[in-house]
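Please read the structure below before turning to the comments.
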There are 2 protein chains.
Amino acid sequence: MNILILGIDGYIGWALAQKQLYLGNKVFGIDNFSRRETVKEMGSDSAIPIETMNKRISKIKEVYGNRIEFFEGDLTYSTFANDIVKKSCPDAIVHLAEQPSAPYSMIDQKHCIYTHQNNVIGNLNIIYAMKNFSPNSHLIKLGTMGEYGYDPGFVIPEGFFEIEYLGRKATVPYPKMAGSWYHWTKVHDSNNIMFACKTWGLKSTDIMQGIVYGTRLKDIPSYIYQPTRFDFDEAFGTVLNRFCSEAVIGHDLTVHGAGGQTRGFLALEDSIQCISLLIEKPPENENYRVVNQFDEQYSVKDLANKVKSIGDKKGLDVTIANTENPRKEKESHYYKADHKKLRDLGFKATRTIEEEIEYVLEDLHPHKDRILKNKQAIIKKIKWNSQVSSLISLNPSTP
Amino acid sequence: MNILILGIDGYIGWALAQKQLYLGNKVFGIDNFSRRETVKEMGSDSAIPIETMNKRISKIKEVYGNRIEFFEGDLTYSTFANDIVKKSCPDAIVHLAEQPSAPYSMIDQKHCIYTHQNNVIGNLNIIYAMKNFSPNSHLIKLGTMGEYGYDPGFVIPEGFFEIEYLGRKATVPYPKMAGSWYHWTKVHDSNNIMFACKTWGLKSTDIMQGIVYGTRLKDIPSYIYQPTRFDFDEAFGTVLNRFCSEAVIGHDLTVHGAGGQTRGFLALEDSIQCISLLIEKPPENENYRVVNQFDEQYSVKDLANKVKSIGDKKGLDVTIANTENPRKEKESHYYKADHKKLRDLGFKATRTIEEEIEYVLEDLHPHKDRILKNKQAIIKKIKWNSQVSSLISLNPSTP
């Protein structure tokens, strides 16, 4: 199969590319390297060192020959989006090329607009490129469980639910109630994709993904596996990855407020497993399929306690601090989300979260100095209720 | 009061400006004249002749002195949006500055992207300008009843409804199911405004407006009233205005398919009345208020029959033709929408739809030649399922 990965240089993108190559598929990748830039803008860097794309690709070619092609470019340019779809004749397009940080989108007007431009316009260009040049491709779009929000306290269905109102019943999209500009751009994308599938018969799987953590892929032998990036800064470090980074350098685990915020979580390994399953098994009886992609639910407090208990056993002496919550969110709430469809397709968690935390702590240990060097990037400066006046104040190391 | 009207040069904008001046308010207006350009792009022009903005403003100044200020500019530029909000210290901001045509947004990739850029990014800039420079203003945003769609066959509530799911009850936003890119941009806007109101305590009324028709404002004496534009082309002519234009030149009334499409309708006069009421009465016990703004529901078939019967009485010999439906929509469906809130605020229809149709036919009669001249712009070339390859084919008169 031909797999087109949009955002191949990212945390999930680079891991997925290697998995798909390992499975024998041909991989086309694009990236504009914005993640490398935005993490730098936050005054940080990947904890685990990563190669330049040139080196990444030439090492891949040594192992897999010409089964990879990379194009540098930006999806907000229609002609680039069209060209890459024409060139790759993709069976599946995996769209990971979005600005993925809620705090980053909340910095100020400029970052809100950038997030909308990059995500919404890029996604529309891909929809049109498919419609015009590859209408039978399967678009696998990375959305987020955060699109649903946690407001009404309903069991969160997989995209659609049947409700009754004034005596009439119907199956309708779950009303999304996102909590940041970033999350809303994903909702806008989902709505636009749903409309394109309905109007033009395009085929898409919209993934509502939980929060991803972890470093390893099990199957790929370590002598050919090239590590993917691992961020820990306040914008791009996901919560469990950030806790592990904090534990490794002896920094308090920074729990927002009471820490009762409950979400679905998933190991990187299992995110790749799920996306690979979806590639193999496109939707059959529907054009627009929504899946909730996570393994288990945890509260932020639970995770901090897990990292403390595992870290302490490794002699790290982990401390937890309840810090001011920069977000506007409930710190304790009902949360229960369906996640049956991927299990029905064959998904099974590779290992327990405790095992994965142990691996992350081990994998970060050699790079302790890299985290220490950019330690100030962990501290919360972006607040939902006020805006930082410029990036200078976010990044004290910028001249 | 200071009223900032975004899109003051448009069909509703120019009528509203005069009403607000007549009521004694100070009016600040902005426009980038895109509507004049896009109608030209469709190979058409306003049936009723309108003046340049310079002439419009100087005539206004003769009547109302310096109670009007106009700024040419584009809301997609953050600095322009910020500046105009700073300058005008608005009590109310009426946001009419969006690309308002569903067919126009469906032409092709370029027009889809333009509609998203103009509407979504412009709206975000206004939200941020308010947050940063005028957090107590009341944002009155023009959305559309088309945001809801007509899919599930529920009674359409005013924004929110209480539902039960698996034993839990909550009041949630009605799940929107729009039918064109244009309509979806309005949904994206509504979601973004709802989020800003919740996160920052901004105050907004989001108007879900029915389809507007008509030419006249009752109160303003005709010797000071300057006519607003009136479009009849396939993209910018709303259905009843288009039927009246067709009747006047002896063209078949072009009903899409079976004509059972039912929607809420509202006279221009009453749109202005409703917006003026909302300006006077901002939301009190909520930050984000949604109102359904229409007078009565009609099917497209009903309207064609009304125009025929009134036109025939005037000796026009009106014919009706059921043409291929360019849209992807049900041509017969359940439709019932709440519209109580504006009535509770005091809204009462100024006259019957039959009276208004009579006035429109009278007002168009002297401009018959202007409609005849651009008659080809009435014919449907934009289809939901395929894209026209370029605007050249839309507009045969373009060299």
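The values are calculated or read from the model by the stated rules, or taken from the named source; none is laboratory data. On a predicted model such as this, the values are computed, not experimentally measured, just so you know. Note: ideal-geometry Cβ built from the backbone for every residue, glycine included; neighbour counts use all protein chains shown.
In the range B:238-285, what residues are of a type in the set (D, E), under 30 Å from B:G201 (Cα atoms) and in contact with a Lys or Arg (Cβ under 9 Å, 6 or more places away or on another chain)?
Once the filter is applied, which keeps residues that are of a type in the set (D, E), under 30 Å from B:G201 (Cα atoms) and in contact with a Lys or Arg (Cβ under 9 Å, 6 or more places away or on another chain), the range B:238-285 yields only B:D270.
Is it true that some residue in the range A:33-51 is exposed (fewer than 12 other Cβ atoms within 10 Å of the Cβ) and of a type in the set (S, T, Y)?
no
Considering every residue within the range A:113-130, establish whether at least one is in contact with a helix residue (DSSP H, G or I) (Cβ under 6 Å, 6 or more places away or on another chain), farther than 23 Å from B:N385 by Cβ and not β-branched (V, I, T).
Yes, the range A:113-130 contains at least one residue that is in contact with a helix residue (DSSP H, G or I) (Cβ under 6 Å, 6 or more places away or on another chain), farther than 23 Å from B:N385 by Cβ and not β-branched (V, I, T).
Only one of A:A321, A:A267, A:A337 is of a type outside the set (D, E), touching a helix residue (DSSP H, G or I) at 6+ places or on another chain (Cβ under 7 Å) and within 28 Å of A:L361 (Cα to Cα). Can you tell me which?
A:A267
Please go through the range A:66-94 and pick out each residue that is under 18 Å from the mean Cα position of the chain (by Cα) and within 29 Å of B:Y77 (Cβ to Cβ).
Scanning the range A:66-94 gives a single hit, A:L75.
Residue check: is B:V94 surrounded by 17 or more Cβ atoms within 10 Å (Cβ to Cβ), out of contact with any strand residue (DSSP E or B) (no Cβ under 8 Å at 6 or more places or on another chain) and β-branched (V, I, T)?
Against the criterion (surrounded by 17 or more Cβ atoms within 10 Å (Cβ to Cβ), out of contact with any strand residue (DSSP E or B) (no Cβ under 8 Å at 6 or more places or on another chain) and β-branched (V, I, T)), B:V94 does not qualify.
Residue by residue through the range A:74-91, note down the ones that are buried (at least 16 other Cβ atoms within 10 Å of the Cβ) and in a loop (DSSP other than H, G, I, E, B).
A:D74, A:L75, A:T76, A:P90, A:D91
Among the residues that make up the range A:353-374, is at least one of them surrounded by fewer than 17 Cβ atoms within 10 Å (Cβ to Cβ) and within 30 Å of A:I193 (Cβ to Cβ)?
No, that holds for no residue.
Six or more apart or on different chains, Cβ under 7 Å: which pairs go from a residue in the range B:338-361 that's within 20 Å of B:F230 (Cα to Cα) to one that's at pLDDT below 95 and surrounded by 16 or more Cβ atoms within 10 Å (Cβ to Cβ)? Could you list them?
What qualifies is B:Y359/B:R216.
Using the structure shown, decide if B:L217 is among the aliphatic types (A, V, I, L, M), touching an Asp or Glu at 6+ places or on another chain (Cβ under 9 Å) and modelled with pLDDT under 95.
Answer is yes for this residue.
Could you please find all residues in the range A:8-44 being of a type in the set (F, W, Y) and part of a loop (DSSP other than H, G, I, E, B)?
Of everything in the range A:8-44, just one residue is of a type in the set (F, W, Y) and part of a loop (DSSP other than H, G, I, E, B), namely A:F33.
Pick out the one residue from B:Y165, B:Y150, B:Y174 that is touching a residue at least 24 places away in the same chain (Cβ under 8 Å), of a type in the set (S, T, Y) and under 18 Å from A:Y174 (Cβ atoms).
Residue meeting the stated conditions: B:Y174.
So, A:K218, is that one more than 10 Å from chain B (Cβ to nearest Cβ), closer than 16 Å to A:V94 by Cα and either of a type in the set (S, T, Y) or touching a residue at least 24 places away in the same chain (Cβ under 8 Å) (or both) or not?
Judged against the criteria, A:K218 is not a match.
A:G149 is checked against (1) surrounded by 23 or more Cβ atoms within 10 Å (Cβ to Cβ); (2) assigned to a loop (DSSP other than H, G, I, E, B) and fails just one. What number does that condition carry?
(1)
One line per residue, one yes/no per condition, for (1) surrounded by fewer than 24 Cβ atoms within 10 Å (Cβ to Cβ); (2) closer than 27 Å to A:K198 by Cα:
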{"residue": "B:Y128", "(1), (2)": "yes, no"}
{"residue": "B:F133", "(1), (2)": "yes, no"}
{"residue": "B:F154", "(1), (2)": "no, yes"}
{"residue": "B:P157", "(1), (2)": "yes, yes"}
{"residue": "B:I163", "(1), (2)": "yes, yes"}
{"residue": "B:K169", "(1), (2)": "yes, no"}
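Conditions (1) under 21 Å from A:V39 (Cβ atoms); (2) of a type in the set (S, T, N, Q), marked per residue:
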| site | (1), (2) |
| --- | --- |
| A:A247 | yes, no |
| A:H251 | yes, no |
| A:T254 | yes, yes |
| A:A258 | no, no |
| A:Q261 | no, yes |
| A:G264 | no, no |
| A:E269 | no, no |
| A:C274 | no, no |
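Results for (1) of a type outside the set (S, T, Y); (2) modelled with pLDDT of 95 or more; (3) over 21 Å from A:N123 (Cα atoms), shown as yes or no for each residue.
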position	(1), (2), (3)
B:F80	yes, yes, yes
B:K87	yes, yes, yes
B:H95	yes, yes, yes
B:P100	yes, yes, yes
B:S105	no, yes, no
B:V120	yes, yes, no
B:M130	yes, yes, yes
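If I filter the range B:159-175 down to residues being assigned to a loop (DSSP other than H, G, I, E, B) and more than 22 Å from B:Y334 (Cα to Cα), which single residue comes out as nearest to the other protein chains (Cβ to nearest Cβ)?
B:L166
Any residue at all in the range A:137-158 that's small (G, A, S), in contact with a strand residue (DSSP E or B) (Cβ under 7 Å, 6 or more places away or on another chain) and within 11 Å of chain B (Cβ to nearest Cβ)?
yes
Somewhere in the range B:189-212, is a residue within 23 Å of B:D45 (Cα to Cα), touching a residue at least 12 places away in the same chain (Cβ under 8 Å), assigned to a helix (DSSP H, G or I) and among the charged types (D, E, K, R)?
No, there is no match, as no residue in the range B:189-212 is within 23 Å of B:D45 (Cα to Cα), touching a residue at least 12 places away in the same chain (Cβ under 8 Å), assigned to a helix (DSSP H, G or I) and among the charged types (D, E, K, R).
Hey, among B:D270, B:D312, which residue is modelled with pLDDT of 95 or more and surrounded by 15 or more Cβ atoms within 10 Å (Cβ to Cβ)?
Matching residue, one of B:D270, B:D312: B:D270.
Inside the range B:216-252, can you point out the residues that are β-branched (V, I, T) and either surrounded by fewer than 22 Cβ atoms within 10 Å (Cβ to Cβ) or in a helix (DSSP H, G or I) (or both)?
Result: B:I220, B:I224, B:T238, B:V239, B:V248, B:I249.
In the set B:I320, B:I249, B:I310, B:I272, which member is in contact (Cβ under 8 Å) with a residue 12 or more places away in the chain and either under 22 Å from the mean Cα position of the chain (by Cα) or within 18 Å of B:D338 (Cα to Cα) (or both)?
Going through B:I320, B:I249, B:I310, B:I272 in turn, just one is in contact (Cβ under 8 Å) with a residue 12 or more places away in the chain and either under 22 Å from the mean Cα position of the chain (by Cα) or within 18 Å of B:D338 (Cα to Cα) (or both): B:I272.
Within the range B:109-129, can you find the residues that are closer than 17 Å to A:N82 by Cβ and more than 7 Å from chain A (Cβ to nearest Cβ)?
Residues satisfying the conditions are B:K110, B:H111, B:Y114.
Suppose the filter is within 9 Å of chain B (Cβ to nearest Cβ), buried (at least 18 other Cβ atoms within 10 Å of the Cβ) and basic (K, R); does A:K198 pass it?
Here the answer is no, as A:K198 does not meet what is asked.
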